Amino acid sequence: MPNRKLLALALGASSLVAISSQAVAQSVYAQTPVQQVTPVAYDGRPNMGGGFLEFLFGGGVQPPQGYYQRRPYEPQSYAPAQGDQQASEPVTPARPAMDPKFEKQMVSYDGRESPGTIVIDTNEKFLYLVEAGGKALRYGIGVGKPGFEWAGVKQITRKREWPDWTPPDEMLRRRPDLPRHMEGGPENPLGARAMYLGSSLYRIHGSNEPWTIGTAVSSGCIRMRNEDVIDLYERVRVGAKVIVS
């Protein structure tokens, strides 16, 4: 009989514990607002075993088995390697710098020519504009390549700004790839100015290849940097004497 009483007491205590646990759970659920749960990537916190403890301390969502943490996508800037960049861009060969001695400068002149005369030294690749008082303005020039040298005395018969260019027939026979005519402009090989020498095909003219100043590269014309030929153009007149040696 006593054993039956003890068993009844034990069963009664168990029922009270169960009722108490149920009341606590209902109280917690009642106090916790219902939220729309959006599945998120696992944040790396340890699994607490699920159930009630996981709900209380684990944010309410237990990641399914095999659900690993993922970082949000972050776009990264891509800087191509130096070799890739160089391969994708055309490489322009470096041009040699012009020797500073071919820069325009005032020099002494002890010759017999009168002011306003142009004296061209094709060997040294200098053009002199004789000034008064034993002075001359000296410019660097490009001259005729081997086989195209010439010497003589001419006069400036015409002056043109941004001249057109029509290659002569003998030049076209040597270079059939050349255009038959080219309007004046920055790409024109006669450059910014031209001064025509006598009735010949020779000119003192500018150039869109300033790195050739100080060399023998032309078909007989005297070429100058554009800034220098503009300066000379403003200083000389039609009819000026030109001595080429």
- Message: So R112 ticks every box in (1) surrounded by 10 or more Cβ atoms within 10 Å (Cβ to Cβ); (2) in a loop (DSSP other than H, G, I, E, B); (3) at pLDDT 90 or above; (4) not acidic (D, E) but one. Which box is left unticked?
- Response: (1)
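Look through M195, M224, M182 and report the one residue that is at pLDDT below 85 and either farther than 19 Å from F148 by Cβ or surrounded by 13 or more Cβ atoms within 10 Å (Cβ to Cβ) (or both). Don't jump to the end; show me each part of the working.
Values: M195 fails: at pLDDT below 85; M224 fails: at pLDDT below 85.
The match here is M182.
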- Could you look through the stretch 98-109, keep only residues that are modelled with pLDDT of 95 or more and assigned to a loop (DSSP other than H, G, I, E, B), and pick out the one that is farthest from G140 (Cα to Cα)? Y109
- When E234 is evaluated against the numbered criteria (1) acidic (D, E); (2) within 34 Å of the chain's Cα centre (by Cα); (3) assigned to a helix (DSSP H, G or I), which criterion, by number, is the only one it fails? (2)
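Among the residues of the stretch 151-165, write down those that are part of a loop (DSSP other than H, G, I, E, B) and surrounded by 14 or more Cβ atoms within 10 Å (Cβ to Cβ).
Residues of the stretch 151-165 that are part of a loop (DSSP other than H, G, I, E, B), as a first pass: 151, 162-164.
Scanning the stretch 151-165 gives W162, P163.
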- Query: Taking strands (runs of 3 or more DSSP E) that do not extend beyond the stretch 169-222, which have at least 3 residues that are touching a residue at least 12 places away in the same chain (Cβ under 8 Å) and not charged (D, E, K, R)?
  - Reply: 193-197, 216-218
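Suppose we filter the stretch 152-172 for residues that are under 41 Å from the mean Cα position of the chain (by Cα) and under 16 Å from T117 (Cα atoms); how many remain?
Looking only at the stretch 152-172, we keep the residues that are under 41 Å from the mean Cα position of the chain (by Cα), and these are 158-172.
The next check asks that each one be under 16 Å from T117 (Cα atoms); those that pass are 158-159.
Within the stretch 152-172, residues that are under 41 Å from the mean Cα position of the chain (by Cα) and under 16 Å from T117 (Cα atoms) number 2.
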- With the condition kept exactly as written, say whether any residue in the stretch 135-143 is closer than 23 Å to G214 by Cα, at pLDDT below 95 and not in a strand (DSSP E or B). no
- Task: Consider T215 carefully, then state whether it is modelled with pLDDT of 95 or more and over 20 Å from T117 (Cα atoms).
- Result: yes
- Flag if K125 is of a type outside the set (S, T, N, Q) and at pLDDT below 95: no
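The values are calculated or read from the model by the stated rules, or taken from the named source; none is laboratory data. Since we're looking at a predicted model, the values are computed, not measured. Every residue, glycine among them, receives a Cβ derived from its backbone with ideal geometry; neighbour counts consider all protein chains shown.
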